Amino acid sequence: MTEKVKLADLETYVYIDVSNIRSACLKTLDLMIDFAKLLEYFRQKYPNLKDVRYYEGIAKGDVKKQRMFDFLRQKGYVICPLERKSYNSSEIEKCEVKCPKCKHKWAAEFTRTHRAMKSNVDVYLATELLTVAHQASWPTHIILVSCDGDYAEMISNALRNENVSISVLATPSVRDFRKNTLSTRLKTLRGKISNYYLTDIRDIQDVIKR
């Protein structure tokens, strides 16, 4: 299958891990995505576009984000929210303490606890993507917008169906590990499995930036 010639003509489904790709674009490219423009790009690029699914966590009572969801739903997204749950995360920090009088030193440990919010949208996304992939009885193109390597096994599983092709739209790999957001696991899939394509979001950044 030739990507440039045929993928755009296939029945196409898009799955967006919003928090992941938003964070990755800001960190790597200083790019703020306009998701209304991103949807319009998919519509123009893929005439047989079926669904563009938007996965993001939302805290209970977050009225501002709910309004954004409503706006994007009106634009044509399938909004797939998950309520964010709070949990306490503890970290043990070690340090050296010195007595100001006798100058004696000893090791000490402190436990730092902070409250975090999390929603497992990756599990939600993977479940729905695999359902479409396993049921595809004709050539189908699936686009995953994410840099998360946890999707690698899901992609391999989905591509057991020879009717399916998967493109991952992600940030580029960069040398500075502190800014590198693209998982090595997604990169190493290239050459290992057929019908898998890794595409660079820089190619469309001018048409999707806010």
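The values are calculated or read from the model by the stated rules, or taken from the named source; none is laboratory data. Every value quoted in this text rests on a predicted model; they were computed, and no experiment measured them. Please note: Cβ atoms are built from the backbone with ideal geometry, for glycine as well, and neighbour counts cover all protein chains shown. Remember, those area values only see protein heavy atoms, side chains included, never the ligands or the DNA or RNA. Shrake-Rupley method; radii C 1.70, N 1.55, O 1.52, S 1.80 Å.
Can you go through 121, 52, 145 and tell me which one is under 25 Å from residue 182 (Cβ atoms), in contact with a Phe, Trp or Tyr (Cβ under 6 Å, 6 or more places away or on another chain), open to solvent by less than 40 Å² (accessible area, probe 1.4 Å) and at pLDDT 95 or above?
Answer to the check: 52.
Please list, ordered by first then second residue, the pairs with beta carbon atoms under 7 Å, 6 or more apart or interchain, first in the range 136-158 and aliphatic (A, V, I, L, M), second in a loop (DSSP other than H, G, I, E, B) and surrounded by 19 or more Cβ atoms within 10 Å (Cβ to Cβ).
Correct list of pairs: 152/189; 155/189.
Filter the range 151-195 down to residues that are part of a helix (DSSP H, G or I) and acidic (Asp, Glu), then give me how many there are.
1
Taking residue 115 as meeting all but one of (1) closer than 20 Å to residue 19 by Cβ; (2) at pLDDT 75 or above, write down the number of the exception.
That leaves (2) as the condition not met.
Specify the residue that is surrounded by the most Cβ atoms within 10 Å (Cβ to Cβ); the eligible residues are those in the range 34-49 that are under 17 Å from residue 209 (Cα atoms) and among the aliphatic types (A, V, I, L, M).
That would be 38.
For the range 16-33, what are the residues that are surrounded by 14 or more Cβ atoms within 10 Å (Cβ to Cβ) and not in a helix (DSSP H, G or I)?
Answer for the range 16-33, where residues must be surrounded by 14 or more Cβ atoms within 10 Å (Cβ to Cβ) and not in a helix (DSSP H, G or I): 16, 17, 31, 33.
Which residue pairs have Cβ atoms under 7 Å apart, sit 6 or more places apart or on different chains, and have a first residue in the range 182-196 that is surrounded by 11 or more Cβ atoms within 10 Å (Cβ to Cβ) and a second that is of a type in the set (Asp, Glu)?
So the pair list comes out as 183/148.
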